[in-house]
Every structure is written in C-alpha cells, then in structure tokens.
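Report on the following structure.
The values are calculated or read from the model by the stated rules, or taken from the named source; none is laboratory data. Fair warning: this is a prediction, and the values are worked out from it, not measured in the lab. All Cβ positions, glycine included, derive from the backbone under ideal geometry; neighbour counts span all protein chains shown. Just the protein is used for accessible areas: all its heavy atoms, side chains included, with ligands, DNA and RNA removed. Shrake-Rupley method; radii C 1.70, N 1.55, O 1.52, S 1.80 Å.
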2 protein chains.
Amino acid sequence: MSRQKLETKEIRICFVGESFVNGTGDPEFLGWTGRVCINAQQKGYEITYYNLGVRAETSRYLKQRWFQEVSYRLPQEIDGRVVFSFGVNDSGWAGKKQGIELPETIENTRSILSEAKQFYPVLMIGPPPCGDVEQEQRNQIIANLSQQFALICRELDIPYLDVFSTLVNSSVWLAEAKANDKAHPRAAGYAEFATVVQNWDGWLSWFS
Amino acid sequence: MSRQKLETKEIRICFVGESFVNGTGDPEFLGWTGRVCINAQQKGYEITYYNLGVRAETSRYLKQRWFQEVSYRLPQEIDGRVVFSFGVNDSGWAGKKQGIELPETIENTRSILSEAKQFYPVLMIGPPPCGDVEQEQRNQIIANLSQQFALICRELDIPYLDVFSTLVNSSVWLAEAKANDKAHPRAAGYAEFATVVQNWDGWLSWFS
C-alpha cells in the first residue's frame with residue numbers, strides 16, 4: 001500500500017494547436033499548458049511535456065502535421081496522451097487569409113479528432129475570446145465555432161471544454177489581451193485559462 | 001530616440017535536440033531553454049519559444065526531422081533563430097541501441113549544422129554530463145563528443161558552448177541527476193545550465 005503510494009505514474013502529453021497553446025505573450029514561458037503540467041506533477045505524476053502549438057496555425061495545416069509530430073514523440077510503448085486546442089486562427093486572421101470557412105474547419109476537426117482517438121486518449125479544448133477592434137464580431141464567430149466543436153466531440157465521445165464562455169466574462173483575459181497584441185494575454189491571463197482546465201472533469205479524469 | 005527604446009524586437013527561437021532540451025525532470029516545466037527565454041524577454045525582447053526537444057533523440061533521427069519542424073515554425077518573413085543541443089543519446093542509451101557510433105554522430109552533426117546555417121542564425125550547445133552507474137565511462141565519451149562538436153562548429157563558424165566542462169564540476173547538476181533518474185536533473189540543475197548559457201557570448205550576441 002505504502003509502496004503503491006510512492007510509485008509515480010509517468011505520462012507524456014502532447015499539446016497541439018495554435019499560438020494560445022504555444023503560450024505566445026507569456027513572459028513566464030509556461031502558457032496554460034505548462035501551468036496545468038506543473039499542477040498535475042504536484043499530484044504525483046511524472047509528466048513529459050511536449051508543446052506543439054504553432055503561431056498562425058489553422059486546422060488545415062494542423063490536420064497535415066499533427067500525426068507525424070505526435071507519433072514521433074509518443075511511441076506505442078509509453079503512456080501518451082494528446083490535448084488539442086485550436087480555432088481562433090480559423091475564425092480570423094490566418095484563416096481569412098487562407099480562405100478557411102466554417103464547413104472546412106468542421107471537416108478538418110472531425111478528421112483530426114476521429115483519427116487521433118484511434119491512437120491516444122484525447123481531449124479537446126475550445127478557442128478563447130480575443131480583444132481586438134473587431135472583438136464583438138470575431139467573438140461571435142469564435143463562440144459559434146466552440147459550439148460546433150462541442151457537437152463534434154459529443155459525436156466522437158471526446159471530452160470537450162468550452163473555455164470561451166468562461167474567459168469572455170474574465171476581465172483578466174481580455175484586459176491583458178487588449179494591452180498586449182489584442183489576441184494574446186500575459187501571465188495572469190494564461191493562469192486563468194489554466195485554472196479553467198485544471199478544474200475540468202475531462203482533464204481531472206487523467207489524474208485519478 | 002525614446003521611441004527606439006520603446007520598440008520591442010520580436011524573435012522566434014527553436015530549440016532542437018533531446019530530453020535535456022525538452023527539460024525532462026524539471027517540475028517547473030521550463031528546463032534551461034524556458035529559463036534563458038525568460039531572461040532574454042526581461043532584456044526587452046519579445047520571444048516566441050518553440051521547444052523541439054524529443055526524449056531519446058539521436059542525431060540520426062534529428063537529422064531527418066529538424067528542418068521540417070523548424071521551417072514550419074520559422075517562415076522566412078520573421079526573425080527566426082535555431083539552437084541545437086544533442087549528443088548524450090548518441091553516446092549512450094538510445095545510441096547504443098540504435099548502433100550509432102562516433103563517426104556517424106560526427107557526420108550527422110556536420111550535415112545538420114551546415115544545412116541549418118544556410119537558413120537561420122544557429123548556435124550549438126554541447127551535451128551535459130550524466131550521473132548513472134556508468135558515469136565515469138559515459139562522461140569520458142560525452143567529453144570527447146563535446147570536443148568533436150567544438151571542432152565541427154569551428155570549421156563551420158558556428159558558435160559552440162561546451163557545457164560539459166562546467167556542469168561536470170557542478171555538484172547541483174550531478175546530485176539532482178543521481179537523485180532523480182541518473183540522467184536528468186530537477187529545477188536547480190536546469191537553472192544552473194541556463195546560467196551557463198546566459199553568460200555565453202554566443203547567446204548574448206543575439207540580444208545586443
């Protein structure tokens with residue numbers, strides 16, 4: 001019994017997505033992904049942390065690269081898990097430039113998630129709100145996208161976390177984004193994002 | 001003048017290599033790479049941090065993957081830089097399993113670095129010492145490898161940092177590695193590694 005208590009479970013997690021996964025803007029270089037790993041480690045898990053967030057990433061390119069990068073880091077013999085989080089670029093800046101419309105985003109997302117769940121335990125975390133001048137319009141698009149993602153995940157039986165609904169009411173997230181580059185917050189905003197994830201059943205189910 | 005002072009220089013850095021680049025074992029999930037980025041950010045640079053350290057990586061596979069992963073994250077229009085650090089796996093555990101001998105490591109390293117410098121400003125940081133039961137023998141191999149890397153980098157005019165010589169005399173690095181998994185330290189060991197990098201002319205030349 002006491003021996004079991006001393007055993008540390010080793011888990012390797014790939015976080016895959018765009019700049020919000022990368023933690024862009026965080027002067028502490030942890031983002032929400034590093035912070036949730038610190039929290040899980042403190043519960044007695046030995047976590048290997050792979051951050052595969054890429055700035056300006058859209059679902060079109062994520063669909064093409066995720067498996068190669070993830071399978072290289074999570075060979076079959078180890079306990080590997082994958083957390084996806086994307087959507088803001090599809091809804092705005094990068095997506096518009098690349099002509100990505102909602103039907104394509106939905107198709108890409110369904111394809112990515114249904115393939116991923118064949119290989120790994122998978123979680124999906126939705127896109128956060130933005131604070132630029134077109135905030136109202138963009139956030140309506142992101143809110144709609146988040147609902148679409150929820151439907152896809154329900155269909156595929158993948159736990160989904162809607163962070164948009166929480167963070168759009170957070171003064172910290174939007175205030176930091178506005179004061180920074182209109183999209184990415186600083187340390188306090190990412191800490192708030194991390195808290196939402198850490199309290200989520202989907203994430204907690206991996207550490208019990 | 002005051003306007004220039006207020007301008008923040010945006011730099012994106014890919015750190016490419018093995019588990020020591022990943023920061024494996026660090027409960028703070030920064031490793032030496034995250035710590036040197038925090039330090040550079042505090043000097044007024046806006047850093048995007050891409051950690052491409054992969055556990056058990058050897059030069060044979062790094063040679064095959066680095067360009068695809070790096071060029072995806074560092075498009076031509078942005079100020080992208082690359083820091084390589086590898087060698088421990090070539091010298092030991094993973095390399096032995098895969099039959100990687102010194103001549104192949106040297107050939108792979110020359111190939112990786114000479115290709116990389118055609119596209120990006122490049123730095124190379126050598127392999128750190130280990131603290132396992134075969135410590136003496138392995139560290140002799142790593143020390144020799146570090147000297148070989150220094151020669152290749154001199155030949156290619158790429159700044160090279162020999163961290164081995166400093167860390168082999170560090171009680172913190174080896175004590176933490178021994179108490180952990182014999183290879184990877186915890187937070188204090190990685191902080192010591194970061195300090196060596198931060199005081200190095202090669203790294204400092206990127207932030208002046």
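Structure notes:
- Averaging over all projection directions, the Cα-based convex hull of chain A occupies 11.4 nm² in the image plane.
- Teacher prompt: residue A:119 distances to equivalent labels in other copies, 7 Å Cα→Cβ, nm: 2.1
- Only Lys, Arg, Asp and Glu carry charge here, each on its Cβ (+1 for the first two, -1 for the last two); on that basis the protein assembly as shown has a dipole of about 100 debye about its Cα centre.
- Leading residue at positive end of dipole, the protein assembly as shown (Cβ point charges), from A:171, B:102, B:202: A:171
- Counting only Cα atoms, the size of the stretch B:1-122 along its three principal axes is 57, 36, 20 Å, in decreasing order.
- Pairwise FRET efficiency - residue B:198 versus residue B:171, Cβ, R0 = 30 Å, nearest 0.05: 0.90
- Loop-located trypsin sites (Lys or Arg not before Pro) in the stretch B:1-87 (DSSP state other than H, G, I, E, B) with a sparse environment of at most 16 neighbouring Cβ atoms within 10 Å: B:43.
- For the stretch B:148-203, the per residue solvent-accessible surface stands at 44 Å², with DNA, RNA and ligands left out and a 1.4 Å probe.
- GluC sites (Glu not before Pro) lying in DSSP loop within the stretch A:19-90, provided at most 10 other Cβ fall within 10 Å: A:77
- Each copy carries a label point for residue B:99 at 7 Å from Cα toward Cβ; from one copy, the others' points are 4.8 nm away, ordered from shortest.
- Interface between chains B and A: roughly 2500 Å² of accessible area buried, both sides summed (probe 1.4 Å, protein heavy atoms only).
- Computed over the stretch B:10-206: relative contact order in percent, which uses C-alpha pairs under 8 Å that are six or more apart: 24 percent
- Fraction of accessible area attributable to carbon and sulfur, the stretch B:1-119 (%, probe 1.4 Å): 48 percent
- Pairs from the table (B:43/B:117; A:182/B:63; A:178/B:43; A:9/A:63) lying more than 28 angstrom apart at Cα are A:182/B:63; A:9/A:63.
- Just so you know, the averaged projected area of the alpha carbon convex hull for the protein assembly as shown sits at 21.0 nm².
- Sparsely packed loop sites in the stretch A:75-140 (the chymotrypsin sites (Phe, Trp or Tyr not before Pro) outside DSSP H, G, I, E and B with at most 16 other Cβ atoms within 10 Å) comprise A:119.
- Helix screen, chain A: DSSP H segments with Cα axial length of 15 Å or more and mean Kyte-Doolittle hydropathy at least 0.0 are A:187-198.
- Simple label model, 7 Å out from Cα along Cβ direction - residue B:68 to residue A:182, nm: 3.5 nm
- Copy-to-copy label separations for residue A:75, where each label sits 7 Å from Cα toward Cβ, in nm and ascending: 3.5
- Using alpha carbons only, the radius of gyration of the stretch A:85-177 set against its Kirkwood radius gives Rg/Rh = 0.98.
- The local environment of residue B:136, defined by Cβ-Cβ distances under 14 Å, has a net charge of +1 under the rule Lys, Arg +1 and Asp, Glu -1.
- Rounded to the nearest 500, the 222 nm mean residue ellipticity of chain B from helices alone is -15500 deg cm²/dmol, with -39,500 (n - 2.57) taken per DSSP H run of at least 4 residues.
- Expressed in units of 2.2 N^0.38 Å, where N is the residue count, the Cα radius of gyration of the stretch A:68-134 is 1.33.
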